[in-house]
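Heads up: the structure comes next, in structure tokens.
The values are calculated or read from the model by the stated rules, or taken from the named source; none is laboratory data. What you see is a predicted model, and the numbers here were worked out from it, not measured in a lab. FYI the Cβ positions are ideal-geometry reconstructions off the backbone, even for glycines, and counts take in every protein chain you see.
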Amino acid sequence: MAAVLALVLCACSGPPPHAHGPASVSPDPPSPTASDTNDPVGLPKAHGEQRAVVDVYAHDRPGMLSPVVAGFPSLVYVPNSESGTVSVIDPKTYKVIRHFVVGRRPQHVVPSWDLKTLWVNNNDGNTLTPIDPATGEPGRPIAVEDPYNLYFTPDGTTALVMAERLNRLDFRDPHTFELRESMNVPCRGINHADFTMDGSIFLASCEFSGHLVVVDLPHRRIREVVRLDRHSMPQDVKLSPDGTTFYIADMMKGGVWLVDAETFKVSGFVPTGAGAHGLYVSRDSRELYVSNRGAGSVSVISFAKRRPVAIWRIPGGGSPDMGGVSADGRRLWLAGRYNSEVYVFDTRDGHVIRRIKVDRGPHGLAVYPQPGRHSLGHTGIFR
């Protein structure tokens, strides 16, 4: 299938070099004493021998909570897009314990880079509502134009606002959200993204035109545009643990594209199910959970095999959308976009533990806190 794809290049100068890790993924856990740097850590072999394998998610293992979040209560924050509210769920009791009004059409709840704040992206309300994760209470909204989604550069110096309806990427102050610079993108509906391993490249999906845009962050320019199949509708983006491949969910094609993280050429396609939408990495970095919103299921892709090894179905059907993995890795929480509910999957065998009623249009829920040293945005991309 990849042979029929075309790669569209913009007329720009050559890119800066960037580092990439080896092509293999280690199944071993990382050292709990890994240094607190921006670099992925090597994973240890038996008998203490170190091998040259990296894992960009090595700091996301169970129990590896930053001191910043260690005292925060474990809660699940659900933005209800059609109701303009947020439901807060206690993951121990599976009950909604708090409910508050935010701005119009909240799309995602995004952890800040420094892990101290959660930001509700009120897309049609043109505001960001802060939530204090120490209390679970909302604060005063900040005016931000068209905040469909929100990311942070790996060094924490810049907030990247996905202004979807404006076809624009906005560079803002990560604390005040004052606008610094806007970049018009040559595609429609910019919405989800992830970073190369060294953080210099931001690969973003454009759902309404079927493109991916490759953004050179140091030079603030579009380096390339990748055209997928003409019937594509790309959604969530995740970098593989070894840093070599981007996985891109495609809602119209019902599967996941594989894109080389150095050449940005499409290297394959993995069918998963109708409405493939959200992507979540398991706590051991071995598997990728793909929410199939149209099929009412979750596909489990093995990173080593690059194919599904299991499929978890919601009894009676549903619409699993965006969410996150619990801090211990035993639960996958997903919003039921068209069913006004939240699904909780047991990641050991894939059965649905709970279906929790919330308001209309639940979307990008955040499970918080989670392991990691800092957040790169969305509902929780941690490094």
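Within the range 188-206, the set of residues being under 15 Å from Pro218 (Cα atoms) and not small (Gly, Ala, Ser) comprises Phe195, Thr196, Met197, Asp198, Ile201, Phe202, Leu203.
Table: residues versus (1) farther than 20 Å from Lys238 by Cα; (2) not small (Gly, Ala, Ser).
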{"position": "Pro154", "(1), (2)": "no, yes"}
{"position": "Glu181", "(1), (2)": "yes, yes"}
{"position": "Asn191", "(1), (2)": "no, yes"}
{"position": "Phe195", "(1), (2)": "no, yes"}
{"position": "Ser200", "(1), (2)": "no, no"}
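Could you say whether any residue in the range 155-164 is farther than 29 Å from Asp90 by Cα, in contact with a Cys (Cβ under 9 Å, 6 or more places away or on another chain), among the small types (Gly, Ala, Ser) and touching a residue at least 12 places away in the same chain (Cβ under 8 Å)? No, that holds for no residue. Of all residues in the range 267-296, those that are touching a Lys or Arg at 6+ places or on another chain (Cβ under 9 Å), in a loop (DSSP other than H, G, I, E, B) and β-branched (Val, Ile, Thr) total 0. Of the residues that sit in the range 220-233 and are under 15 Å from Pro271 (Cα atoms) and free of Cβ contacts under 8 Å to residues at least 40 places away in the same chain, which one is surrounded by the fewest Cβ atoms within 10 Å (Cβ to Cβ)? Only one residue tops the list, namely His231.
Tell me, which strands (runs of 3 or more DSSP E) wholly within the range 302-383 include 1 or more residues that are within 28 Å of Leu160 (Cβ to Cβ) and not polar (S, T, N, Q)? Give the derivation first.
Values: elements: 307-313, 320-325, 331-336, 341-346, 352-357, 366-368.
It comes to 320-325, 331-336, 341-346, 366-368.
Sort out which residues of the range 203-233 are among the aliphatic types (A, V, I, L, M) and not in a loop (DSSP other than H, G, I, E, B), and write them in order of number.
Keep residues of the range 203-233 that are among the aliphatic types (A, V, I, L, M), which gives 203-204, 212-215, 217, 222, 225-226, 228, 233.
Within the range 203-233, Leu203, Ala204, Leu212, Val213, Val214, Val215, Ile222, Val225, Val226 meet the criteria.
Of all residues in the range 82-99, those being in contact (Cβ under 8 Å) with a residue 40 or more places away in the chain, closer than 17 Å to Tyr343 by Cα and not in a strand (DSSP E or B) number 2. A single entry from Gly372, Gly317 fulfils the requirement of being touching a residue at least 12 places away in the same chain (Cβ under 8 Å), crowded, with 18+ Cβ neighbours inside 10 Å and at positive phi: Gly372.
Across the range 267-282, which residue is surrounded by the most Cβ atoms within 10 Å (Cβ to Cβ) among those that are touching a Gly at 6+ places or on another chain (Cβ under 9 Å) and among the small types (Gly, Ala, Ser)? Steps first, please.
Residues of the range 267-282 that are touching a Gly at 6+ places or on another chain (Cβ under 9 Å), as a first pass: 269-278, 280, 282.
Now drop any that are not among the small types (Gly, Ala, Ser), which leaves 273-276, 278, 282.
Values: Gly273: 22, Ala274: 17, Gly275: 23, Ala276: 31, Gly278: 26, Ser282: 20.
Residue satisfying both the conditions and the ranking: Ala276.
When the residues of the range 242-266 are narrowed to those that are among the charged types (D, E, K, R) and farther than 15 Å from Ala276 by Cα, which ends up surrounded by the most Cβ atoms within 10 Å (Cβ to Cβ)? Give the derivation first.
At the first step, the residues of the range 242-266 found to be among the charged types (D, E, K, R) are 242, 250, 253, 260, 262, 265.
Right, trim to farther than 15 Å from Ala276 by Cα and you get 242, 260, 262, 265.
Working: Asp242: 23, Asp260: 14, Glu262: 16, Lys265: 13.
Among those that are among the charged types (D, E, K, R) and farther than 15 Å from Ala276 by Cα, it is Asp242.
Taken over the range 171-213, residues that are farther than 24 Å from Val56 by Cβ and either modelled with pLDDT under 95 or among the β-branched types (Val, Ile, Thr) (or both) amount to 2.
A search for C-beta distances below 6 Å between a residue of the range 261-280 that is small (Gly, Ala, Ser) and any residue that is surrounded by fewer than 22 Cβ atoms within 10 Å (Cβ to Cβ) and at pLDDT below 95, counting only pairs 6+ apart in sequence or on different chains, returns Gly268/Ala2.
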